[in-house]
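Asker: My structure is below; once you've seen it, I'll send some questions.
The values are calculated or read from the model by the stated rules, or taken from the named source; none is laboratory data. Not measured: the values here are computed from a predicted model. Backbone-built Cβ (ideal geometry, glycine too); neighbour counts: all protein chains shown. Each accessible area value is taken on the protein alone, full model and side chains, heavy atoms only, with ligands, DNA and RNA left out. Shrake-Rupley method; radii C 1.70, N 1.55, O 1.52, S 1.80 Å.
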Amino acid sequence: MEYRDKIKIVNFKCSFDDVYIETDSDKAICIRGMYVRNQWLPKSALEIISVEPTELFHNDRPLKLWTVKVKEWFAKKNYITLKQVS
């Protein structure tokens, strides 16, 4: 995961459209978008489903789309309601 990569979280009850990585560290990412501001998520709480190239660029670097799920232990600990996805 890198700065400005797009991210899609598939199992949140509310859907985040057009979200990107604002800050990327070894242990956590900060996501941002139109309806989401500076939401920190530990990388250990995320299950990566897929990584795909996009047609978007940032400073000549091609951006990726990370499709992820939030792990159940993190959701329970933080009172997040997850939706079922297959």
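Asker: Just the number, please: percent antiparallel of the DSSP beta bridges in the chain, rounded to the nearest 5.
Answerer: So the antiparallel bridges in the chain amount to around 85 percent.
Asker: Restricting everything to alpha-carbon atoms, can you work out Rg to Rh for the chain with a Kirkwood hydrodynamic radius?
Answerer: 0.95
Asker: Before rounding to the nearest 500, sum -39500 (n - 2.57) across all DSSP H runs of length at least 4 in the chain and divide by the residue total; then give [θ] at 222 nm in deg cm²/dmol.
Answerer: After summing the helix terms and dividing by residue count, I get -1500 deg cm²/dmol.
Asker: Ignoring ligands, DNA and RNA, how do Phe57, Phe74 rank by accessible area with a 1.4 Å probe, largest first?
Answerer: Phe57, Phe74
Asker: Over the chain, give the accessible area per residue in Å² for a 1.4 Å probe, as an integer.
Answerer: In whole numbers, the chain has 69 Å² accessible per residue.
Asker: Net charge around Arg32, counting only other residues with Cβ within less than 13 Å of its Cβ (Lys, Arg = +1; Asp, Glu = -1)?
Answerer: Combined, the nearby Lys, Arg, Asp and Glu give -2.
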